[in-house]
Amino acid sequence: MDDTIYSTSTQHRLFTFTPKQLSDLRYSTNKAAAEKITESIKRRATAAGIAESEIEEIDCPTAEEELKLVAYYCVKCMQLSDHFQFPSNVKVSSPPSFPILCLDIRTDMIL
């Protein structure tokens, strides 16, 4: 099967990763998001008059926990596609797009 169209596409160029690249991206995104969330919660608590020493440690999900959530929702995308009887081209494109969306969310968009 000729995959010239795909191999020259923007999707292939921007969203093809080695396992190590994907793992590194997952961990760096998780770390940046956890730091941003922690800072935001501390800043809001301080603004509300709560002493920083009284703020409990923030327990953000790990990269592994986030991966489990993404896998769960990929299955849900497939089930939703089945339920609404989406065409096969929609059904096969939504699960691969979901993890990319989760990794591509910029940390500056968080809180």
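Quick notes on this structure:
- Screening the candidates SER93, SER88, SER81 for the property of being at pLDDT below 75 and either surrounded by fewer than 13 Cβ atoms within 10 Å (Cβ to Cβ) or of a type in the set (Gly, Ala, Ser) (or both) yields one hit, SER93.
- Residue within the stretch 98-108 that is touching a His at 6+ places or on another chain (Cβ under 8 Å), among the hydroxyl-bearing types (Ser, Thr, Tyr), at pLDDT below 80 and part of a helix (DSSP H, G or I) present: no
- Residue pairs meeting the criteria (Cβ under 9 Å; at least 6 apart or on separate chains; first polar (S, T, N, Q), in the stretch 46-72; second at pLDDT below 90): THR46/GLU52; THR46/ILE55
- The number of residues in the stretch 1-57 that are over 16 Å from LEU67 (Cβ atoms) and not in a helix (DSSP H, G or I) comes to 14.
The values are calculated or read from the model by the stated rules, or taken from the named source; none is laboratory data. The structure displayed is predicted, hence computed values, not measured ones. Using ideal geometry, Cβ is built from the backbone for each residue, glycine included, and neighbour counts are taken over all protein chains shown.
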